[in-house]
1. Using a ≥ b ≥ c from the Cα gyration tensor of segment 177-240 (square roots of the eigenvalues), is it rounded, prolate or oblate, where a/c under 1.5 gives rounded and otherwise the larger of a/b and b/c decides, a/b for prolate?
2. Rg and Dmax of segment 82-161 over Cα atoms: what are they, in angstrom?
3. Per 10 Å bin, what percent of the C-alpha pairs of segment 178-333 does each bin hold, from zero upward?
4. Between the alpha-carbon centers of segment 274-333 and segment 86-154, tell me the distance in whole angstrom.
5. For segment 56-102, max minus min Cα coordinate along each principal axis, in Å, sorted largest first?
6. Treating only the Cα positions of the chain as identical point scatterers, give the base-10 log of I(q)/I(0) from the Debye formula at each q in 0.15 Å⁻¹.
7. Provide 20, 60 ordered by accessible surface of protein heavy atoms (probe 1.4 Å), highest first.
8. If you build the Cα gyration tensor of segment 237-295 and take the root of 5 times each eigenvalue, what three semi-axes come out, in whole angstrom, biggest first?
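The values are calculated or read from the model by the stated rules, or taken from the named source; none is laboratory data. Small disclaimer: the values here were computed from a predicted structure and weren't measured. Positions of Cβ are generated from backbone atoms using ideal geometry, with glycine treated the same way; all protein chains shown enter the neighbour counts. What goes into the accessible areas is simple: the full protein's heavy atoms, side chains included, and nothing from ligands, DNA or RNA. Shrake-Rupley method; radii C 1.70, N 1.55, O 1.52, S 1.80 Å.
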Amino acid sequence: MALCIVAGIALGAVMPGFFHALGGLEVAQVNIPVAALIWLMIVPMLLRVDFTAMGQVARHWRGIAVTLGINWLVKPFSMALLGWLFIGWLFRPWLPEAQIDSYIAGLILLAAAPCTAMVFVWSRLTDGEPNFTLSQVALNDAIMVVAFAPVVGLLLGLSAITVPWDTLLLSVGLYIIVPLIAAQIWRRSLLASGGEAALQRTLKALNPVSLVALLATLVLLFGFQGGQILAQPLVILLLAVPILIQVYFNAGLAYLLNRQCGSAHSVAGPSALIGASNFFELAVAAAISLFGFESGAALATVVGVLVEVPVMLSVVHIVMRSRNWYERGAASR
C-alpha cells in the first residue's frame, strides 16, 4: 500500500493529463474506471455471503444485538462527532479550509457501513464462531441496502453539507444492491453446478483480482490527490487520528458489552472486529460519486484504507491476549 501511495503521487505529478482524463470518464456522475475497480473488489467479497445463514441469528442473539447496535447506532454518530471535534475544530488551523466539510463527509461515509469481507479474516484470527460471523455479515448487508443512504443523508445534513440525494441513491444501487444481487446469483450458480468446492475454487481465483483492484484504486486516488498531499503531508496524519480513535472505541465497547451479556469469546471477538471495521470499498466509491476524485472526502476514505489493516491487527492482538480475562467475566454472567 505504501508503494501504491508513492507510485500514485509520482504518476500524478508526471502525468497529470492522464489522471484528469480518467477523472472525466463519467456517466451520470459515476466514474467508469473507479466503478469497474470497485466492482472487482466488492463482488468477490459479497460472493462469500450466504443469506441462508440469517437463520442462525437467534442462536447468537446477544452478540448480534451488540454488533448491530455498535454498527448502526454508535459508529456513524461517534465518527461524525470525532470528525466535527478534530477536523472541524482542533485540527482546523492545519487543514485547507475549503476541504474541511469534505473531510468530515468522507469520515462519515467511512463509518456508515460495516465491513463485509475482511471480517472473515479477523474472525479466523480471533478463533471466532463461523456461523455467528456469517449470520452477522449477512444481516448487516441486508440492513445496509435500506439504511446506508438515510444514515449518510442524516449525518451529512447535520454537518451542513448539501446532500445530492440522486447521486447518493445511485451509489447505493450501483455499489450495494446490484453487486449483492449479482454475487448471490453467481454464488447459487456455482453451488448448483459444482457445490462448495466450485465456490471455494472461484473465491481463491478471485482473491488476487480483488487485491489488484484495491491497489489500482489507491494509485488512482493518490494520483489525483498527489499535489495536495505534497503541499500538506500533515493532512494524512491528522485524518488518521479520528479514524484510530473510533476503531478502538467501537471495538472496545462491543467487546465489553458482549462480556457483560455473557457471550462466548468466540462471539465477542468477531463482534468487536465487525463493530469497529468499515466497508471502505463502498466508502471510497460513494465519496468519489458524491464529491469527486479530487475531493477531501475521497482522500479521507483512502486514509481509512491505509489505517484499516494494521489497526485491526492490533485489535485482534488485544482480543486474543485478553481472552482469559474475558472468559472469567463472561462465565460469571
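1. Values: a/c = 4.03, a/b = 3.18, b/c = 1.27.
It is prolate, given that a/c is not under 1.5 and a/b is the larger ratio.
2. Answer for segment 82-161, Rg first and Dmax second: 16.5, 48 Å.
3. 10, 27, 27, 26, 10, 1
4. For segment 274-333 versus segment 86-154, the Cα centre distance is 7 Å.
5. 50, 16, 11
6. -1.26
7. Values: 20 110, 60 30 Å².
Ranked from most to least accessible, the order is 20, 60.
8. Details: eigenvalues 185, 35, 9 Å².
Three semi-axes, in Å: 30, 13, 7.
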